[in-house]
Amino acid sequence: MRYEKGHRAETAARIVGNASTRIREGGIESIKVAELMKMAGLTHGGFYLHFKSRRDLINKAFAQAMEESVDRWRRIAERSVPGKRLSSIVAFYLAQRHLADVGNGCALPALSGDVSRSGAAIRRSFAAGFTEMVSILAEDMRFCSSKEARREAIEVASGMVGALLLARAVDDAGLAEEILRIGREAVLSRASSRSCAAGKAQLDASAKAEPSGAKSASRGSKPK
């Protein structure tokens, strides 16, 4: 049977997509080639037309899981007004819907435990994805130097991942919801209270130190 141009690439993408969901649900080593090929409507023997090895598929599936996680944060940030991006991401992340949707959810809580025991390719994908997610959070850190913003963004990301991981681990729905709620409050309260206070204080002090006459002159002056 002859297939249309691009059929092989589409088939490979479908297999990787299914594998990406599967590893978030069951871990990196949960991948079973025969099962994934059956899901794609293909025989086990056709696997090597698309991938060099099972490890090749795992690496690609993991990379896609990280890319999807980053893209979701980026889309949320782009839809939010400046100053509200962090709170929008936190609201999405520590919500009941995300708690339940492990297979399509963030790769960080689902796969962090596996990464330290994995090969270089997976660890590189994880580090690159996490770094980009930190950068997305840091973009909303007002009054911060780049170093301060990065530090606070890492704190926020760590708090969110930890809360979601704990909420998924307990077998009590009420406790899980409590963990999510307290996690949201703690992350947002900490980010709001600190808000790179040193940078804000410096800007406020500079504004107060500027003579009122100089401000008036500045506002009244016209370019020559």
So which of Glu35, Glu4 is at pLDDT below 85 and either surrounded by 13 or more Cβ atoms within 10 Å (Cβ to Cβ) or not in a helix (DSSP H, G or I) (or both)? Glu4
Of the residues Ser116, Ser146, Ser87, Ser112, which single one is over 30 Å from Lys32 (Cα atoms), of a type in the set (Gly, Ala, Ser) and without any contact (Cβ under 8 Å) to a residue 60 or more places away in the chain? Ser146
What are the residues in segment 119-128 that are in contact (Cβ under 8 Å) with a residue 12 or more places away in the chain, closer than 19 Å to Arg22 by Cα and in a helix (DSSP H, G or I), if any? Ala121, Ile122, Ser125, Phe126
Condition broken by Lys60, with the remaining ones in (1) basic (Lys, Arg); (2) assigned to a loop (DSSP other than H, G, I, E, B); (3) buried (at least 16 other Cβ atoms within 10 Å of the Cβ) satisfied: (2)
Considering segment 99-109 alone, what residues qualify as being assigned to a helix (DSSP H, G or I) and either modelled with pLDDT under 95 or surrounded by fewer than 21 Cβ atoms within 10 Å (Cβ to Cβ) (or both)? Leu99, Ala100
For segment 133-150, which residues satisfy the criterion of being assigned to a helix (DSSP H, G or I) and buried (at least 17 other Cβ atoms within 10 Å of the Cβ)? Met133, Val134, Ile136, Leu137, Ala138, Glu148, Ala149, Arg150
Which numbered condition Gly41 misses (of (1) outside any helix (DSSP H, G or I); (2) surrounded by 14 or more Cβ atoms within 10 Å (Cβ to Cβ); (3) small (Gly, Ala, Ser)): (2)
Among the residues of segment 74-86, is there at least one that is at pLDDT below 95, surrounded by 16 or more Cβ atoms within 10 Å (Cβ to Cβ), outside any loop (DSSP other than H, G, I, E, B) and not β-branched (Val, Ile, Thr)? yes
Consider only pairs whose beta carbons are under 6 Å apart and that are at least six residues apart or on different chains; among these, list those whose first residue lies in segment 58-83 and is aromatic (Phe, Trp, Tyr) and whose second residue is part of a helix (DSSP H, G or I). Phe62/Ile122; Phe62/Ser125; Trp73/Ile89; Trp73/Met133; Trp73/Ile136
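The values are calculated or read from the model by the stated rules, or taken from the named source; none is laboratory data. Since the model is a prediction, treat every value here as computed from it, not as a measurement. Cβ atoms come from the backbone with ideal geometry, glycine included; neighbour counts cover every protein chain shown.
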